[in-house]
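Worksheet: one structure, shown below.
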Amino acid sequence: MYISVRDRPTSDTRGAGSGSAARPPVGRVVIILGVVSLLTDVSSESVSAILPLYLTAVVGLSPVAYGLIDGLYQGVSALVRLGGGWLADATDRPKWVAFLGYGLSAVARVFLLFASGAAGIAAVVTADRIGKGIRTAPRDAMISTSTPSEHLGRAFGVHRMLDTIGAALGPLIAFGLLALVPGGYSVVLVVSLAFALAGVALLGLLGPDVRSRSREAAGASRPSAPPFRWRDLADRRLRPLLVVAGTLGLLTVGDGFIYLALLDHGGLNVTWFPLFYVGTNVAYLLLAVPVGRLADRIGRARTLVVGHLALVGAYLCSVLPSSTAVATVGTLLLLGTFYAATDGVIAAIAGRLVPVQARTSGIAAAQTVVAVARMLASAGFGLLWWLLGPAVAMAAVAAVLAVAVLVAATRVRSLDVAELTP
Amino acid sequence: MSARVRVLAFVAVVVVLVAAAGVYVLREGREVRAQRAAEPEASEAPVTEVADGPRIVFRHTGIDREYGTVAIVPVDDPGGARAFTGVACDRVAARAEGASCLVTDQGVVTSYAVRELDPDWQEVATVDLPGIPSRTRLSPDGSLVATTVFVTGHSYMSTGFSTATEVHAFGGGTRWGNLEKFQLVLDGRRVDPLDRNIWGVTFVDDRTFYATVGTGGRTWLVEGDLVERTLTSVSPDAECPSLSPDGSRVAFKVDVDPGSRTVWQVAVQDLATGERILLENGPRGLDDQVEWLDDDTLLYGLTRADEPGVTDVWSVDASADAEPELLIEQAWSPTVVRQ
């Protein structure tokens, strides 16, 4: 039933196949979905850049009310992700499920224009995050389906690079507009809405209707693949990935803690805090493609696991005594490397470890396991930080994570040579 | 639809979006400039007319050329003519001796500061703040300034929030630093949690104050001591305290709907007896540090549901069944100067 393809191309793969150049262009699907993500991220990040100011200065919410709304951003999307994955697989229409998710977030922006008061804004933010939860896995499944296996890492790298460029542009556009129209928060919200609608239109009109099952049916000249079943997710090839990614996720504390540890380092003004995110994003967008290509060459599961060593480095860099400049640049660079080695790579792996009819759900399951594990990690680390203080807590997690990476490295060979779906 | 039609349709959508957003930006820009040039609805009075008597100082929030500037009305005519000081603040606290004014300077790296102003509203000092302005108060003789800001990463990736509350001498001098570094005593036990937040200081004198400590998902009314550098719990479940002029009572917010939601209401507690009354008809969902107009009346700012950015100041008797009344339209961050 499955075409047995080694995920790690052997030395003669470069010259084999169609005989085209060693690096074929990245598929149109990847570019279009990347630009859709770019436009959507400009939209969402321009809003989130001004949201704290808007909520406190204009709407008049206190830190606590803002904190509650901010917390909604974190949890909601992980929960609906599995639902989006199931819907895409059950209907075999990942494009239109993704479209639904992008559309919901765009509609939420309309209501943000009129919402004032904590409850209304909380509802809008929740809708936006549900939209993100719905669309992520179907989009990644489309990238996975439309890309030859040996170039998956690079394809996801290109997508994540475009996505992150959008995230970096969003705040710049927001504050450019505020400079143009003082106090013009509604202007930022309207421009953000326009970017979101452009993304939705691009996906709806020009996004190819990629379907996992139809593709397999055509290739295998069979009527169609069996319908999606939940037990496809218990696939014995996917299970080790979920275990490895989940375990490493339990040792992945939130960026916020790493940035706070950097501040604790001393010598840095808190006003630089927002720039930490920018620095990490820049490192990520520069590294997403090269690390993705590296993953295609040396094995994606191996890259995923070893990439966590960059996180070990970031933990240590944030608390080890060194000059503040070295610590800051080193930490952000290592954190960007970690994201480059994990975020797109895990979707690239998960999509091929389940039967095609469960591809979206497989990706969603892997992403949900990671997200839930990381939420638990942050909650647990808060306690550790409280008991031990930042330096000792960071060093302790770094040590355990380093050991976990070594153990996991022995498990991943099976993932990199597993039988893959086309 | 053929591919060609789809491409053309997408181009058309983008053209429409760019045009619509462009027109909106230009129109809104013109409208904002027009609004910011408009005369305030309330009649104006010269500052000298209200500068000496008992007065209420507040942030004017009418969408007009005085938006965001500090204004003053006499206590005995709060709805009457207001005097504009020409100083813009997000939050303001005033005494006869001077004022503390929290400001935001927007940009890709947005910065925040507390500006300290003399009785003529001239700047005497500026101190950088580490986050978004939230609360400020002065000690009774105007010699100490307390500021609360909240620190957060401006990104989807951020985790939760954190406040930073500091006390320093007005016009420069002693800085006590972040109150999180003070020794915390809850229910008689010295504790040292790292997940603590402190906000909403109200001064008793130049040594003692009340504030809120949030830790482990709970809030506490604490009494602070600047000399001992301690924060000692007085009672649980109280946020943003405000001490009455005679020093006998504190008013604060309580969450009357514990659980995932937060619904604040105002309560008043007698410091001698510990007896607490809830203002049943008071503002549900109030999100402000209340201020005492006199020993029986509370003031607070409330946002207008239908007009983002516009707020009003309301008053309510500090008794269980009191009904709030609109006191000053288009006003925020009220502070009472009694002499």
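The values are calculated or read from the model by the stated rules, or taken from the named source; none is laboratory data. Just so you know, these numbers come straight off a predicted model, no measurement behind them. Cβ placement follows ideal geometry from the backbone for every residue including glycine, while neighbour counts extend to all protein chains displayed.
Yes/no matrix, rows are residues, columns are (1) within 30 Å of B:Val32 (Cα to Cα); (2) among the aromatic types (Phe, Trp, Tyr); (3) modelled with pLDDT of 95 or more:
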site: B:Ser248; (1), (2), (3): no, no, yes
site: B:Pro258; (1), (2), (3): no, no, no
site: B:Gln265; (1), (2), (3): no, no, no
site: B:Gly274; (1), (2), (3): no, no, no
site: B:Leu293; (1), (2), (3): no, no, yes
site: B:Thr311; (1), (2), (3): yes, no, no
site: B:Ala322; (1), (2), (3): no, no, no
site: B:Val336; (1), (2), (3): no, no, yes
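Being of a type outside the set (Ser, Thr, Tyr) and surrounded by fewer than 23 Cβ atoms within 10 Å (Cβ to Cβ) is the filter here; which residues of the stretch B:99-111 pass it?
Answer for the stretch B:99-111, where residues must be of a type outside the set (Ser, Thr, Tyr) and surrounded by fewer than 23 Cβ atoms within 10 Å (Cβ to Cβ): B:Val103, B:Asp105, B:Gln106, B:Gly107, B:Val108, B:Val109.
Considering only residues that are at pLDDT below 85, of a type in the set (Val, Ile, Thr) and within 30 Å of B:Thr148 (Cβ to Cβ), which ones fall in the stretch A:14-59?
A:Ile50, A:Thr56, A:Val58, A:Val59
Based on what the data block shows, is B:Asp141 surrounded by fewer than 22 Cβ atoms within 10 Å (Cβ to Cβ) and without any contact (Cβ under 8 Å) to a residue 60 or more places away in the chain?
no
Pick from the stretch A:365-385 the residues that are more than 24 Å from the chain's Cα centre (by Cα) and buried (at least 17 other Cβ atoms within 10 Å of the Cβ): which of them is farthest from A:Val319 (Cα to Cα)?
Here the residue is A:Leu384.
For residues in the stretch B:163-173 being more than 12 Å from every other protein chain (Cβ to nearest Cβ) and under 23 Å from the mean Cα position of the chain (by Cα), which is farthest from A:Gly389 (Cα to Cα)?
B:Gly171
Does B:Leu17 satisfy the criteria of being in contact with a strand residue (DSSP E or B) (Cβ under 7 Å, 6 or more places away or on another chain) and either touching a residue at least 60 places away in the same chain (Cβ under 8 Å) or within 14 Å of chain A (Cβ to nearest Cβ) (or both)?
no
Have a look at B:Leu326, B:Leu293, B:Leu302 and point out the one that is within 20 Å of B:Val73 (Cβ to Cβ), within 14 Å of another protein chain (Cβ to nearest Cβ) and surrounded by fewer than 24 Cβ atoms within 10 Å (Cβ to Cβ).
B:Leu302
Please find, within the stretch B:174-217, the residue that is farthest from the chain's Cα centre (by Cα) out of those that are away from every other protein chain (no Cβ under 13 Å) and β-branched (Val, Ile, Thr).
Result: B:Val185.
Please go through the stretch B:266-285 and give me each residue that is aliphatic (A, V, I, L, M), assigned to a loop (DSSP other than H, G, I, E, B) and surrounded by fewer than 23 Cβ atoms within 10 Å (Cβ to Cβ), ordered by number.
The answer is B:Leu271, B:Ala272.
Exactly one condition in (1) within 13 Å of chain A (Cβ to nearest Cβ); (2) surrounded by fewer than 22 Cβ atoms within 10 Å (Cβ to Cβ) is not met by B:Thr311; state its number.
(2)
Given (1) surrounded by fewer than 20 Cβ atoms within 10 Å (Cβ to Cβ); (2) touching a residue at least 24 places away in the same chain (Cβ under 8 Å); (3) within 14 Å of another protein chain (Cβ to nearest Cβ), identify the lone condition not met by B:Pro241.
(1)
Do you know which residues across the stretch A:117-158 are in contact with a Pro (Cβ under 6 Å, 6 or more places away or on another chain) and buried (at least 23 other Cβ atoms within 10 Å of the Cβ)?
A:Pro138, A:Ala141, A:Met142
Among the candidates B:Asp64, B:Asp52, single out the residue that is acidic (Asp, Glu) and touching a helix residue (DSSP H, G or I) at 6+ places or on another chain (Cβ under 8 Å).
After applying the criteria, what remains is B:Asp64.
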